[in-house]
Amino acid sequence: MALVVVVPGPSGPGGSRSPGTRSLGPLSVGPLSVGPVSVGPLSVGSGVRRTDSVQRVVTALSSSVRAVRGPVPRSGDVVVLDVADLFAGRTEHDKKAYQGAGKASGEANGVATHDETEELTEALLSGWWTSATRIGKFEGHPDRRRRPGPGLSSHSSGSPNNPASQNTASQNALSQNSVSPGETRPHGATEPGAEAIDGSDVRARTSALSAALSASPYFRGSPELAAAEARALSRYLTDLKLRHEVRDRTQAAILPDTKVVVGHGIGALIAYEALCALSDAVSVTFVSLGAAMCGPQQVFTRLEPAPRNEQGHWPAAIRRWFNVVAHSDPTAMIAPQLTERFGPGIEDEVIEIKTSCGDLQPYLLDRATGRALATGLVG
């Protein structure tokens, strides 16, 4: 058997685990979420770094495979890969690179300017907001689902440091950038990369969108969590050095005897690009869970390799692809059927589970994941 689990664990600030590959065997489960706040399968709220133990992940995997009468992996058949230290290191690098850096110097170093990254972050949050309102996964008063009025009001009641008042104020900052599929962006709204955008306005809208998304159970009431996840994804998509470092580490963990690669959230994107780079050096079953590729179009168009004729590249390393999306995940319910983006051959399934940002356990325990893992392990 071969199974790899890439878990960005607490190796950065507040963590103690050594970075890099923690080898427990040859089965491959892909990278999990990699944001500065959500860094593991059971990450919780803003500023908290917590991840499941390897044994907990293995237990969940074994349980779901056993439920479908598949070959149960042993703890020695699992490799856990940690990439959180790469993201943590780049966060400090970005702060220095952005100070006084113009667009030309940023691009020369393979790093987008701070404003460009913020614009992409805003676009991702806008897509997640639209998805959340469409699937109706909001808590509290039904007004939380309404498109807010234009602009942030300086007369909004409550303290800006109060999450409740942030949610209220944020309702006024979203409609200019929240668009449903098929709609045009309202007057004054801009796409990422557009010129003459005031950075402070972008950051204000980003904060407002993130605060509004805290009403979704997926983001667990944290007004900062959605922005942290979106920024982590934006950094991966715009910082070429970070992207290649993360991808190289993931490629090194996928060995010739690897049978299954599982990726969750941003980790599914990392695993996908690593498999593209490996070409036919390996042949695996890929299981994507709540994949970032199911998110806003801005993610899909920035894939490496780039899509051709509006269709994503199918890695030669993938012999079978299972894509599982939770109906409660607004980051992946934008395009849950990846066959629409990558062509036929992907076995898409939307499952009825409750999950939250960075929470891998509900996915691992579901029978759909168990069936996909069992298929890959037998093959």
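Figures for the structure shown
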item	result
Calculated from backbone phi, Karplus (6.51, -1.76, 1.60) coupling profile of region 269-284 in Hz, x at Gly/Pro	5, 4, 5, 4, 5, 5, 5, 4, 5, 6, 6, 9, 5, 9, 9, 10
In order through region 212-225: 3J(HN,Hα) via Karplus (6.51 cos²θ - 1.76 cosθ + 1.60), integer Hz, x for Gly, Pro	5, 5, 5, 6, 7, x, 4, 9, 6, x, 8, x, 9, 5
Per-pair calculated FRET efficiency, R0 = 35 Å: residue 203 and residue 314 via Cβ, rounded to 0.05	0.40
Packing-based ranking, highest mean first, of 306-316, 368-378, 265-275 given that Cβ atoms within 10 Å are counted	265-275, 368-378, 306-316
Cut-off under 5 Å, modelled amide H: who pairs with residue 81 long-range	5, 6, 7, 22
Residues with amide H under 5 Å from that of residue 317, placed H, sequence gap 5 or more	279
From phi via Karplus (6.51, -1.76, 1.60), per-residue ³J(HN,Hα) for region 59-70 in Hz, x at Gly/Pro	4, 5, 4, 4, 4, 5, 5, 4, 5, 9, 6, x
Alpha-carbon centroids, region 204-253 and region 346-379: separation in whole Å	22 Å
Nonlocal amide H pairs with residue 326, under 5 Å, H built at 1.01 Å	290, 351
FRET efficiency, residue 59 to residue 349 (Cβ-Cβ, R0 22 Å, nearest 0.05)	0.45
Calculated FRET efficiency for the pair residue 337/residue 134, C-beta based, R₀ 22 Å, to 0.05	0.90
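Any read-out appearing in this document is the output of simple, stated calculations on the displayed coordinates, not a laboratory observation. Computed from a predicted structure; not experimentally measured. Counting neighbours? That spans all protein chains shown, and the Cβs are built from the backbone with ideal geometry, glycine included.
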